[in-house]
Structure formats: C-alpha cells, structure tokens
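All remarks here apply to the structure that follows.
Here, each number is a calculation from the coordinates, and none is a lab measurement. From a predicted model like this one, the values you see are computed outputs, not experimental measurements. Glycine gets a Cβ as well: all are built from the backbone with ideal geometry, and neighbour counts include every protein chain shown.
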Amino acid sequence: MLSKLFLVLEVASLVTAYPHIAELAAKQHVRRQSIPTVPFPEWPGNPTHALYNQFNATEQLIDVTGEHAWAAPTQGQIRGPCAGLNAAANHGYLPRSGIATAESISEGLWNAFSLALDATVFLETATRFFDGNPITGEWSIGYASSAVDLPTGTALGQITGICDYGHLKTEADASITRGDFFAPTQNSNCRSYTNFVQDLFDVANKMNPSTGFLTPQVYAQHSANRKVYSIENNPNYFAPAYAGVAFTFGAHMFAWALLSNHSAEYPRGYQTQDNFLSLWGYTRGSKGQLIYNYGHERIPNNYYKRAPADAWTLEDIVISTAQQCASYPSNCQIGGNTGKVNSFSGIDPGDITGGLINSAKDLSDPARMACFISQAIQADAPGFLDAVFEGPELNEALGLINTQLLPALAPLGSCPNLPKGKSVFAYGHGYPGAQVQFGGPRATEH
Ligand code: HEM
Ligand SMILES: *[C@@H]1O[C@H](CO)[C@@H](O)[C@H](O)[C@H]1NC(C)=O
Ligand SMILES: *[C@@H]1O[C@H](CO)[C@@H](O)[C@H](O)[C@H]1NC(C)=O
C-alpha cells in the first residue's frame, strides 16, 4: 500500500567536471530511493518510549503566561532556522535576544520541552565550538551577531551563528522546511518555505488520512523525500558528515519528539497540522494559503510537553538517527551533486572515517553512529576555529577543545581506537556545495 507513495530514482547522471568523483560514483552504483528498506519505527529512539503511558497535566502544561508570554522578536533580536530555539526565545525560555549560553540552553530547553541534559550539553557545546564563541561561551540562534564577537575585536573571520554562513557546520541542506544554501532559488537556510511545509502535510495526509497527524514515520519519510528533492532541484546539494547525515535528521525527530502535544489519550504525543503551523511561525490567509512570518514561532495555549520522566535524551538522538539509516540508507550518504541536478555522487565513508564506517548501512548501528558523530565533530572543530580566530585567541579556543568539547562528546561512548576523521574542508573538495564560508554579502539576509 505504501509503495505508491514512494519514488524510485535511477542512478545519477554524472558530469565530467569532477572526474575523480564521477569515477567513485560509478564504482558505487548509487541508487537513490526513498522506499524504506525496513519500516521506520512508530516510536523511535530508546524502545522504552513505546511503553510510556503516564500523563500529568499539571506537570506537562507549558507555561505561556507572564514571563513566558509570547512576543515577536523586536529589532535586533535574532531568530534563525530552528523552530525549537525560536519558540523558546519568543516565550522567554531562552534569552529573547537570541544569544544563547550553556546555562540558558540547558535550563530553557528542559523547562520548555523536556530535552534531557545530556542532549543539551552535547548540542550546545558542539554548537558553541562550530558556530559561536567558545571563549565567551555565546552563540547566535540565527545569523551572525556582533554581540558574540570578542571585545578585543581581533576575530579573523565572522562568528557565524547557526544559519547563513553557519552552513555545513551544524546546518545543512534538505531541512524540514528551510532552504538549501547554494540552491538557485529558495536559498535562505534561515527561513522556512511554504512548499516544504505542504510537502510534509501531503505525506501526513497520505499516511494518516483520518487524522493528518505528523508522526515520526511521517517525518522520516519527509526527510528521505527532501534529500531526493534537493538532488533533483539543487545542482549544489551537499550533505556533510555531521550536519548532513546526523543533525538534519536529529531536527526531524525533535520536530515530533519535542514539539508534540500530550494528553492522557496520547501520552507519547500527537501533533496536528494546525499546531505545527503555530510552532513554525505560520498562519493561513483568507483562501487557506500558508503565510510564513519569520521568527514568529509560537507555542499554542493549552499545550502539553513531553513528560519529564520520558525525556528525549542523547541516546534517543543517536538511536533514532541510526534507525533512519536502517530504513532509508540513501538518506545517510555523505556527498552531493557535482554542479548539475541529479548528479549525486557519494563520498566513500571508509575514507573519511578511517574505516570506522564503510557504508551508509554501518550507520544503522547506534554505537557506530555515536562514534561517527564524535569523530566528525573532532575532525571539523579545529578548522572551523582557525577560520574565525587568530593569534592568542586561536590558541585559547583550540585549548578549549580538550577541556570543554571532548568531555561533552564523552557520553557518545568510549570509541576505542577511534581513527582521526577527515574534515569537510578535505573531503568536500571538488563539490560546489561544500565550500565552507565564514562571511560575505548574505550575512544580513534572512
Ligand atoms: C542546542 C540545541 C539546538 C541547536 C544547536 C539547534 C540547531 C538547529 C539547527 C542548526 C537547525 C537547522 C538544521 C537544518 O539545517 O536542517 C535546526 C532545525 C530545527 N530544530 Fe533545532 N536546535 C536545537 C534544539 C532544538 C529543540 C529543543 C527543538 C525542538 C523543541 C528543535 C527543533 C528543530 C526543528 C523542528 C528544526 C527544523 C526546522 C525546519 O527545517 O523547519 N531544535 N536546529
Ligand atoms: C503531577 O505533577 C505535579 C507537579 O509536578 C505534582 O505536584 C503532582 O504530585 C503530580 N501528580 C501525580 C498524580 O503524580
Ligand atoms: C493539547 O492536548 C490537550 C489534550 O488533548 C487538548 O485539550 C488541547 O486542546 C491541545 N492543545 C492544542 C493547542 O491543540
């Protein structure tokens, strides 16, 4: 029954501009498809979530009154590509300025959404090193902000924030609703686009015709579809290891796991399209058309978060991403188009990871997925810092890798004899969509 929904695509056509990549792709016989090889689980992450059946309205009602009343961002208050961070900032669970710190993230995301501390520490620390200022501990939840620059002003490049020139670091193409950064059109990676929302709703309406609910299986299918769409429409589509394989999908699961409503009837959560629209900053016009308001993400009144006793953890991020790779192996390929649409060419994961991962299928093992994430972050961090800092500040920032970044990665596992991975600067060479930039004319566009 499901097979009608899915699109099977044939081997990519290759361009001659990148002969070594073309050769590699030919060897791999890349066959893209968005038919799940095994069904994506109804309740992803740790299997204990499938059994959770408690609901406590007092504890789970999200406070959207008083200091947590919704307010649109004012001039200078930054919002970006993350529906969860934007909503948290609009309700004062994060600083309304849009400038995050370790403390505000861990406390705010726990109180608003029941995202567990091991997950927030991991995400926040990696983001601080990739997109923020590890020396002051601040980062922007959107585009670049001078508020996070060093007071001495000696930063070499621009500290990017999580979108715009934060592209390929944490943020990647084929997001739930955001644009691909190097696409010919619809190329803001900070803003949301109505057609991608409609694509998501179309999947939900087909899978769940009576409710239209947005479920984990809907998001998993949409994630696979979005990559196929990018390959077919964006000549410069690129998926790096961490941002493209792990993080983009992690956000798809956050969309459901942390932004669903809960009740006695649905203790594990349910998400309607109307509530999605509020949480993503959308309204409908008089003809029912979708209208997007940048940065206006809003938690509905009378909305119930995940039970704290059933929190979403770092382990859930890792397991659910591994489950996506089991169901949709092509969703977990590193690589990109080579300057033309439908020219996707995979990069050999064995080469990037020193043999830790030899195929997308290997990523369906959560333990290997966890080490892959840890390895990719360690491989990328020094180069990202080097592009932003210089002199003594660079040395200080690099020193913080050992004292702050590595401890935050430790919960991913001991990963004995982890080979040194390659950075996106090395393996992205030759792909037009893999140019990591740290500033330019688009820094103020969103
Ligand atoms: C430190 C914590 C977090 C960081 C650093 C972060 C960062 C990001 C980034 C960089 C993106 C863009 C990803 C892409 O390009 O596909 C994103 C997307 C997203 N995030 Fe977060 N996020 C965090 C926490 C959360 C939380 C707590 C939620 C939910 C409550 C959430 C929900 C989402 C959703 C739904 C999207 C997809 C938006 C779209 O494509 O329309 N995130 N996040
Ligand atoms: C529900 O949560 C509230 C607030 O945390 C707590 O006081 C109450 O005891 C809980 N009720 C039950 C039945 O567990
Ligand atoms: C959330 O779920 C509760 C329980 O089903 C319901 O009463 C409430 O109206 C829902 N909230 C929204 C905004 O739909």
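For the listed residue pairs Lys305/Lys361; Lys206/Lys422; Lys340/Lys361, the alpha carbons are over 29 angstrom apart in Lys305/Lys361; Lys206/Lys422.
If you plug the beta carbon distance of Gln273 and Glu390 into 1/(1 + (r/R0)^6) with R0 = 35 Å, you get a FRET efficiency near 0.10. Relative protection proxy for 291-302, 172-183, from highest mean packing down: 172-183, 291-302 (other beta-carbon atoms within 10 angstrom). If R0 is taken as 35 Å, the Cβ-Cβ distance between Glu67 and Asn205 corresponds to a FRET efficiency of 0.40. Computed from the C-beta positions of Asn46 and Leu406 and an R0 of 22 Å, the FRET efficiency is 0.35 to the nearest 0.05.
Kirkwood radius for region 30-434, taken over all pairs of different Cα atoms as the inverse mean of 1/r, rounds to 21.2 Å. When the chain is treated as a GNM, springs tying every alpha-carbon pair under 10 Å, which of Phe372, Phe425, Phe40 comes out with the largest mean-square fluctuation? Comparing Phe372, Phe425, Phe40 in the GNM, the peak value goes to Phe425. Comparing Ser364, Ser414, Ser260 in a Gaussian network model of the chain (Cα springs below 10 Å), the most mobile by mean-square fluctuation is Ser414. Here the label points at Leu418 and Lys287, each 7 Å from Cα along the C-beta direction, are separated by 5.3 nm in the simple model.
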